[in-house]
Amino acid sequence: MSSYIQIIYDRLDFIEFKQNLILLKQPQHKASVFYKLTLDDFLKIRDLTFEFENQIKSGIKLSISDYENKLFEICPIIKSYPTSSTLIAKILMSEDIFNSLFSSLN
């Protein structure tokens, strides 16, 4: 796939991600912190999430705090949003991996 097409796919994923943030966020919370999220931040978060999923599938035991710590290293600004890691994981992870990782929050 050409780099131009990959950029288009990445941008579409980014737009869909931001749309899902708005739709899935708690009604009483403002999502303005995610407005400052850049495409580069999103790509790093997406890569982290996919890497996390692969590690869980391969049998490595990971916790919510492991995911949050790495997520906040990538983008410290989202730390101010309540349950940002859960919201991001819900959007980017497959449902079964999300449920296994965040089962105590469901």
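Just so it is clear, none of the values below were taken in a lab; they were calculated from the coordinates. It should be emphasised that the depicted structure is a prediction, and the values quoted were computed from it without experimental measurement. Backbone-built Cβ (ideal geometry, glycine too); neighbour counts: all protein chains shown.
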If the label point sits 7 Å along Cα→Cβ of Leu43, residues of the stretch 72-106 with amide N under 17 Å come out as 74-75
With +1 on the Cβ of every Lys and Arg and -1 on the Cβ of every Asp and Glu, the dipole magnitude of the chain about its Cα centre, in debye rounded to the nearest 20, is 340
Stretched fully, the stretch from Lys30 through Arg11 gains (0.36 nm per residue minus C-alpha distance, one decimal, in nm) 4.5 nm
By the mean-Cβ-within-10 Å protection proxy, highest first, 56-69, 31-44, 88-101 rank as 88-101, 31-44, 56-69
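In a shell of Cβ-Cβ distance under 15 Å around Thr83, excluding Thr83 itself, what net charge do Lys and Arg (+1) and Asp and Glu (-1) give?
Around Thr83, the charge tally is +3.
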In the chain, lysine pairs 8 or more places apart or on different chains with C-alpha atoms under 22 Å apart total 29
Quick calc, Ser58 & Met1: beta-carbon distance into FRET formula, R0 22 Å, rounding 0.05, result 0.25
For the chain, the Cα-Cα pair-distance distribution in 5 Å bins from 0, as whole percents, is 2, 11, 23, 25, 20, 12, 5, 1, 0
